[in-house]
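The values are calculated or read from the model by the stated rules, or taken from the named source; none is laboratory data. Bear in mind the structure is a predicted one, so any value in this text is a computation, not a measurement. Reconstructed Cβ throughout: ideal geometry from the backbone, glycine too, with neighbour counts over all protein chains shown. Accessible surface areas use protein heavy atoms only, side chains included; no ligands, DNA or RNA. Shrake-Rupley method; radii C 1.70, N 1.55, O 1.52, S 1.80 Å.
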Amino acid sequence: MCGIVGYIGGRRATEICLAGLRRLEYRGYDSAGVAVMSKGKLVVRKKVGKLQVLADSLEAEPIEGAPGIGHTRWATHGKPSDANSHPHLACGDKIALVHNGIIENYAELKEQLMARGCVFRSETDTEVIAHLVGKYYEGDLLAAVIRAAKDCEGAYALAVICEDEPDVMIAARLKSPLVVGLGEGENFIASDMLAVRPETDQVYVLDNDEFAKVTRDRVELFGPEGQRIEKEPYVIPWDAAAAGKMGHEKFMHKEIHEQPGCIRDTLAGRVAAGMEEISLEGLTMSEDEIKQVQRVLFTACGTAYHAGMYGRFVMERLAGIPSEVDLASELRARDPVILDNTLAIIVSQSGETADSLEGLLELREKGAKIGSIVNVVDSAIARESHWTVYTKAGPEIGVASTKAYTLQCLVALMLAVRFAEVRGSKPKAELEELREGIARLPAAVEATLENEQQIVELAEKYQQYDDCLFLGRGVSFGSAMEGALKLKEISYVHAEGYAAGEMKHGPIALIAPECYTVAIAVRGEVYEKMLGNIQEVKARDGKVIAVAFEDDEDIKQHVDDVIPIPRVPELIAPIPVQVPLQLFAYHVAKFRGEDIDQPRNLAKTVTVE
Ligand code: F6R
């Protein structure tokens, strides 16, 4: 959480920083600030509230000059306020610093620094690092940052400038993401490639314990002891337009509509009609290793966890391997027992989620083989895994995850089919039917998107309800959980996802005319049971919306409204099922006037535990 941008070059730093921060606002939007070397002096401006408050202030009273560093905050230590906003200053206000991450030993460090006479002006952990850099500064900013980093425990990405060295910016990384963008006569620092992509497609992705000394014409990289490091720049594989809204009102809307294309990209070269086997380039396990797996453990947070629920189902069903799914935070709380031949699969859009990353490290330490399903190439989770299969979603900026989710499910399904092919756990004809169904998914998802107007009308009809249940069974259980999460996080409607069979063990008490139910009722193994659950709701005057196959005429007699999806094999249905549920959440939130791309209290990448 929190976004960092830095600029050094001939242009006005505030403009580049603001443009970069706009693209990083998904990381946090409690407050924002900049520090700029302007006419030989460090000038700082910081404002509580969304980035626009800072932008308005900079428009009314511009700050000239460069280098400059900027920050958008998601509050951890200290509530959102001007004082707690970054940048933080130290050393007689000569040094300015922005930070993403958490300094775990900040209280102890703060006490020591206060005993030396440092005066703190905020409640943040970050200000401790600024004072530490000040403490060690003896005319060499890089050396001071390297020294200060040694005292800090936790996670950080830093950008630092100093009045006495007006031609230098220092970047440092431990556990929180940071890249250095390479320009001509100018260079950039940012938390995410998104922020620098309009300016350059060449970046250094910093690893843990790496530091960069950035001037207009040069970027030098250093290790934790100050030793020089050489690495090749990474070339960003998508163009700047991919990070824009491309005519859509909100990123979330654009991202929902991108799904057919993203599915095509994720399938390319991996599955096609007529292909005899799935080919997953990232899956580096040999056939023997795949045959030896005795347990699969999906681990993730939030939406990615729901994709893991689907992964668990298809892996067990198709590959016949005992499979489980765990919330990364809970897994770690439990000190899990890992038996031989366990494959853990970490699912993450950002590849940076702290709980998922720490869960990965613990599972690896305990001997599990680590695979991952990740969107951001070369992110921490991908780098720490033994193998990674990437979802090809491109940048996902809307805080509510949409296209990443359907692609995580798709990759989990491809893995399960691949494991089944290798292990011979299902008849060839069944696997062929699944591969063909997968190859037809882009068209199926396109068809659900064409139905958007009906979803708008449904959203208008149900927008005033404040309570809602999502029910799913079997392969659709995760879809119900994800449908509820999407609705609650952007519209603030109280929505619960439930396994339909659990209804009568408690949640049925909630059914009343003022609570509606969304039932995932695609024809298949548990269809009749789901119809039974729908009757239970109707008998208690609850309204029901069913998501069902478009050729299912019967369902209409049982429910108030139907969201139709094209017929696909039941095991694949959760992918097209989710798309209208994403649109439904989007339009309910829109009718309720909520800030869809930046819902309250949330940040896209959760780099704190
Ligand atoms: C909800 C959402 C979050 C993320 C979760 C994990 O819409 O986006 O629940 O799914 O924070 O994030 P990643 O996938 O980046 O690990």
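Just so you know, in the range 332-346 the residues that are within 16 Å of the ligand (Cβ to nearest atom) and farther than 18 Å from Leu571 by Cβ include one that is nearest to the chain's Cα centre (by Cα), and it is Ile346. Checking the stated criteria, Arg270 turns out to be away from the ligand (no atom under 16 Å from the Cβ) and either open to solvent by 10 Å² or more (accessible area, probe 1.4 Å) or not in a strand (DSSP E or B) (or both). Each residue in the range 273-312 was checked for being more than 16 Å from the ligand (Cβ to nearest atom), under 26 Å from Pro442 (Cα atoms) and either open to solvent by 50 Å² or more (accessible area, probe 1.4 Å) or among the polar types (S, T, N, Q) (or both), and 8 pass. Tell me whether the range 321-331 contains one or more residues that are surrounded by fewer than 17 Cβ atoms within 10 Å (Cβ to Cβ) and away from the ligand (no atom under 11 Å from the Cβ). Within the range 321-331, one or more residues are surrounded by fewer than 17 Cβ atoms within 10 Å (Cβ to Cβ) and away from the ligand (no atom under 11 Å from the Cβ). For the range 132-152, the condition of being of a type in the set (Ser, Thr, Tyr), within 16 Å of His88 (Cα to Cα) and touching a residue at least 40 places away in the same chain (Cβ under 8 Å) holds for at least one residue.
Each row is one residue, and each column tells you yes or no for (1) farther than 20 Å from Phe477 by Cβ; (2) at pLDDT below 95.
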site: Leu343; (1), (2): yes, no
site: Thr353; (1), (2): yes, yes
site: Glu365; (1), (2): yes, no
site: Ile373; (1), (2): no, no
site: Ala380; (1), (2): yes, yes
site: Trp387; (1), (2): yes, no
site: Leu407; (1), (2): no, no
site: Val411; (1), (2): no, no
site: Ala416; (1), (2): no, no
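Count of the range 502-521 residues, restricted to those that are under 32 Å from the mean Cα position of the chain (by Cα) and not hydrophobic (A, V, I, L, M, F, W, C), is 4. Could you list, in sequence order, all residues of the range 347-368 that are away from the ligand (no atom under 15 Å from the Cβ) and of a type in the set (Val, Ile, Thr)? Correct list: empty.
Looking at the range 400-411, is at least one residue outside any helix (DSSP H, G or I), open to solvent by 10 Å² or more (accessible area, probe 1.4 Å) and within 12 Å of the ligand (Cβ to nearest atom)? Yes, that holds for at least one residue.
When Val160, Val168 are screened for being in contact (Cβ under 8 Å) with a residue 40 or more places away in the chain and open to solvent by less than 10 Å² (accessible area, probe 1.4 Å), only Val160 passes.
Looking across the range 332-354, the residues that are open to solvent by less than 20 Å² (accessible area, probe 1.4 Å) and either β-branched (Val, Ile, Thr) or at positive phi (or both) come down to Thr342, Ile345, Ile346, Val347, Gly351. Is it the case, given these coordinates, that Gly65 is over 20 Å from the mean Cα position of the chain (by Cα), of a type outside the set (Ser, Thr, Tyr), open to solvent by 20 Å² or more (accessible area, probe 1.4 Å) and at pLDDT below 95? Answer is no for this residue.
Here Arg228 meets the list (1) within 29 Å of the chain's Cα centre (by Cα); (2) farther than 27 Å from Glu609 by Cβ; (3) basic (Lys, Arg) almost entirely, failing just condition (1).
Condition check ((1) open to solvent by less than 10 Å² (accessible area, probe 1.4 Å); (2) in a loop (DSSP other than H, G, I, E, B); (3) modelled with pLDDT of 95 or more; (4) touching an Asp or Glu at 6+ places or on another chain (Cβ under 8 Å)) across all residues:
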{"residue": "Ala443", "(1), (2), (3), (4)": "no, no, yes, no"}
{"residue": "Glu446", "(1), (2), (3), (4)": "no, no, yes, no"}
{"residue": "Ala459", "(1), (2), (3), (4)": "yes, no, yes, no"}
{"residue": "Gln464", "(1), (2), (3), (4)": "no, yes, yes, no"}
{"residue": "Leu471", "(1), (2), (3), (4)": "yes, no, yes, no"}
{"residue": "Glu482", "(1), (2), (3), (4)": "yes, no, yes, no"}
{"residue": "Ile490", "(1), (2), (3), (4)": "yes, no, yes, yes"}
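The residues of the range 258-267 that are away from the ligand (no atom under 16 Å from the Cβ) and either out of contact with any Asp or Glu (no Cβ under 8 Å at 6 or more places or on another chain) or of a type in the set (Val, Ile, Thr) (or both), listed by number, are Gly261, Ile263, Arg264, Asp265, Leu267.
Of the helices (runs of 4 or more DSSP H) lying entirely inside the range 499-609, those containing at least 1 residues that are under 30 Å from Trp74 (Cβ atoms) and more than 16 Å from the ligand (Cβ to nearest atom) are 574-591.
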